[in-house]
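Before any comments, here is the structure.
The values are calculated or read from the model by the stated rules, or taken from the named source; none is laboratory data. From a predicted model like this one, the values you see are computed outputs, not experimental measurements. Please note: Cβ atoms are built from the backbone with ideal geometry, for glycine as well, and neighbour counts cover all protein chains shown. For accessibility, only protein heavy atoms count, side chains too; no ligands or nucleic acids. Shrake-Rupley method; radii C 1.70, N 1.55, O 1.52, S 1.80 Å.
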Amino acid sequence: MTEWLQCIACGRRYDLNEIRYTCDDDGGLLSVEREGIVDRDAFDDRRTSRAPIDQSGVWRFREAVLNAGERVVTHPEGGTRLYARNGLFFKHEGENPTGSFKDRGMTVAVTQAVRLGATAVACASTGNTSASLAAYAAQAGLRAIVFVPSGKIASGKLAQTLAYGATALAIRGDFDAAMRLVREACDRLGIYLVNSINPFRIEGQKTIIWELLQDFEWDPPDWIVVPAGNLGNTSAFGKALREAHARGWIPRMPRLASIQACGANPFFRSYTEQFATRHVVAAETIATAIRIGDPVSHDRAVAAIRDTNGVVEEVTDAELMAAKREIDGMGLGCEPASATTLAGVHKLRAAGVMRKDERIVCVLTGHILKDPEANFRAENIREIDATIDAVERALT
Ligand code: F0G
């Protein structure tokens, strides 16, 4: 099977193993394309296979992700659970090895980095990508450099990134500034860039969708709901659904709902104008994972919404934190950004866009322990003397 890089705007093709992130002609984003028939039955058989590569919920789909042979850098990742709670479904991507969905893209991007002979890899991050990169780079023996907005990433993510041995550059500026800087730095210093502008990341993240379709035995749900920040996931979901439909793996397309925080809503603004303009905002939200004002995968994400008859919604910080309480209260738990999904479902149901009888899957993108500060509910703890009387007083 042949694979190549292709500009999503003009269709120009490039060799798969060229180090490039955009098209020379028009600056368009690139995607990995391939030809050949891929049979979904093989993927299902691998769910029970004991071969190490099949244990990965990413590489189980390898013919449709990247033909890297056995030389893959895998934990393994994926294989996350689908939970049925309160009339909804939750695919918990926080169950990945480093606690977020980023591992699915990172296993592919770092595998490609090794294939290209890179010695150093870098990303800009609000925390989860950096933790994932740090872990996979450590496994592959590559140097990891992460650009993070100083003081604006959750403590669990920063600690994790440093623990895996990455070098962190805490940028005095926001994520968007860090993103611009890392692109320049990678060009100048010959470092391989693994943000979701990197098309190999998208290939890995497609498997969230394929795995959840497997969970439903390829009978697609009506809606798939995803938080939206840099728009890598929205893009990957659109590509995964297009490919699944084109190859006859599913009889119909589920609809995508991408949810932003009101304070970081450039994609939502653009959606309300039928994507006539691309917006950039100065982002502010309690959900630091998606505190992003100028998402790099905008163009790919527009296609994802259009191709799936999808919608984009925004929710306030209060709404997303209330939804987080609800998800935590189900015993599932997630970080604040992930809770935009449930908050979005509430809003879209109230508006009549989603119906009660529809099957809806919320993709929970990050683990509850990623953002410890967001979890501390002071009303649930009381300090008492070490006496049985004090215990009784406290509980009655
Ligand atoms: N949820 C979580 C927990 C995230 O960490 C991110 C993005 C998103 C949702 C949004 O996904 O960017 O594909 O639209 N985190 C990136 C990072 C930006 O650096 O960890 P997206």
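Summary of computed values
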{"read-out": "GluC sites (Glu not before Pro) within region 1-82: DSSP coil, no more than 15 neighbouring Cβ in 10 Å", "value": "18, 35, 70"}
{"read-out": "Value at 222 nm in deg cm²/dmol, rounded to 500, when DSSP H runs of n ≥ 4 in the chain each add -39,500 (n - 2.57)", "value": "-11000 deg cm²/dmol"}
{"read-out": "Highest-first arrangement of 276-286, 119-129, where packing means the average Cβ count within 10 Å", "value": "119-129, 276-286"}
{"read-out": "Alpha carbon centroid spacing (whole Å) that separates region 246-300 from region 97-127", "value": "22"}
{"read-out": "Distance from region 1-68 to region 165-180 (C-alpha centre basis), Å", "value": "29"}
{"read-out": "Per residue solvent-accessible surface (Å²) - the chain, probe of 1.4 Å", "value": "40"}
{"read-out": "Gain on full stretching of the segment that runs from residue 219 to residue 48 - 0.36 nm per residue minus C-alpha separation", "value": "59.6 nm"}
{"read-out": "Tilt relative to the chain, helix 317-329 - C-alpha long axis, 0 to 90 degrees, to 10", "value": "80"}
{"read-out": "Solvent accessible area, Å² - residue 25, 1.4 Å probe, full protein context", "value": "100"}
{"read-out": "Highest-MSF residue in the chain out of 87, 366, 238 [GNM, Cα springs under 10 Å]", "value": "87"}
{"read-out": "Additional length obtainable on full extension of the chain from residue 22 to residue 162, 0.36 nm per residue less Cα span", "value": "47.4 nm"}
{"read-out": "Largest-first ordering by accessible area, 1.4 Å probe, given options 152, 324", "value": "152, 324"}
{"read-out": "Rounded to 10°, Cα long-axis angle of helix 232-246 versus longest principal axis of the chain", "value": "60"}
{"read-out": "Student exercise, the chain dipole from Lys, Arg, Asp, Glu Cβ charges, in Debye to nearest 20", "value": "300"}
{"read-out": "Flagged links, alpha-carbon separation over 27 Å, of 206/370; 91/356; 157/347; 102/239; 206/324", "value": "157/347"}
